[in-house]
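Structure first, then comments.
Quick note: the coordinates plus some simple rules give every number you see, no bench work behind them. Given the structure is predicted, the values throughout are model-derived calculations rather than measurements. Note that each Cβ is placed from the backbone with ideal geometry, even for glycine, and that neighbours are counted across all protein chains shown.
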């Protein structure tokens with residue numbers, strides 16, 4: 001009976017693994033096929049990769065779009081981690097009822113869909129002439145309730161005795177945060193980095209609205225351009241999707257262990 005349960009468990013895990021990996025495999029294989037083979041459902045690799053690369057770079061400015069996505073995502077990720085970690089630390093270390101009420105308001109803000117704030121944000125940024133700038137890309141999502149909550153939950157497991165001892169030694173609050181709190185929260189920062197970078201990299205709706213210049217195009221916008229028009233080359237489209245997916249996939253593989261530890265630590269906190 002025990003062996004049967006073990007066999008069923010491994011079978012379920014094998015099926016789940018296959019279903020998880022198959023879309024990635026199909027995307028890679030499709031990027032080496034022409035449009036006809038992709039539409040026919042061909043699942044094997046072919047020799048059309050070089051032709052797809054040539055067509056993609058001839059049709060779209062891939063280098064600029066990739067560089068824009070990297071720049072916007074890195075800037076947003078760095079600033080968001082700094083702002084949200086300080087906010088989460090402050091909410092927990094300097095805890096009182098007023099901050100609890102404010103945190104509840106922030107959590108309620110998570111229920112407001114971004115599309116509902118799209119028009120007001122667009123009018124605000126165009127009124128001050130920030131359209132097609134990195135500030136317009138970064139500012140609306142610079143601070144998110146989810147990240148603040150993540151750092152606040154992690155700060156709950158941070159010993160307050162260490163903070164008190166550091167204050168007695170004469171350290172100010174900023175130095176305590178940088179030298180004491182930050183080094184002990186590496187897993188939380190890794191989890192927050194993964195989530196923030198993926199959200200920033202895959203963002204499409206807001207950049208599509210506010211980035212009016214072709215020079216400010218990002219990779220998701222480039223992929224959307226490939227899927228529009230009367231005739232779609234699906235081999236080129238899948239190659240574009242593959243290039244767009246690589247940075248987030250590589251980042252997750254690098255930080256996956258710390259990502260899991262950070263999420264578990266925040267839940268326990």
Projected label distance in nm at residue 225 and residue 111, using a 7 Å step from Cα toward the beta-carbon: 4.0 nm
Cα gyration tensor of the chain diagonalised, 5x eigenvalues square-rooted, in angstrom largest first, produces semi-axes 40, 28, 16
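Any idea what % of Cα-Cα pairs in the stretch 132-180 are farther than 16 Å? List each step's numbers first, then the result.
Values: 685 of 1176 pairs.
For the stretch 132-180, the fraction of Cα-Cα distances above 16 Å is 58 percent.
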Pairs of alpha carbons in the stretch 1-51 whose separation is greater than 15 Å (percent): 57 percent
Sticking with the crude label model, points 7 Å out along Cα→Cβ, report the distance from residue 256 to residue 14 in nm, one decimal please. 2.0 nm
Could I get the Rg over Rh figure for the stretch 124-269? Both from C-alpha atoms, Rh via Kirkwood, rounded to two places. 1.11
With angles folded into 0 to 90 degrees, how steeply does helix 2-30 sit against the dominant principal axis of the chain? Use alpha carbons for both and round to 10. 60 degrees
To the nearest Å, what is the center-to-center distance of the stretch 44-117 and the stretch 205-239, using C-alpha atoms only? 18 Å
Please work out the Cα center distance from the stretch 137-196 to the stretch 1-29, rounded to the nearest Å. 38 Å
Theoretical gain in end-to-end length, residue 202 to residue 164 [0.36 nm per residue, Cα-Cα removed]: 9.5 nm
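Length gain on complete extension for the stretch residue 156 to residue 74, per 0.36 nm per residue less the alpha carbon to alpha carbon distance?
Values: separation 82, 0.36 × 82 = 29.52 nm, distance 2.77 nm.
Gain on stretching residue 156 to residue 74: 26.7 nm.
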By how many degrees, between 0 and 90 and to the nearest 10, does the Cα long axis of helix 97-109 differ from the longest principal axis of the chain? 10 degrees
Over the Cα atoms of the stretch 1-153, how large are the radius of gyration and the largest Cα-Cα distance (Dmax), in Å? 23.7, 70
The simple spin-label model distance between residue 121 and residue 95, using points 7 Å out along Cα→Cβ, in nm, is 3.2 nm
Any chance you could give the angle, 0 to 90 degrees and rounded to 10, that helix 62-93 forms with the longest Cα principal axis of the chain? 20 degrees
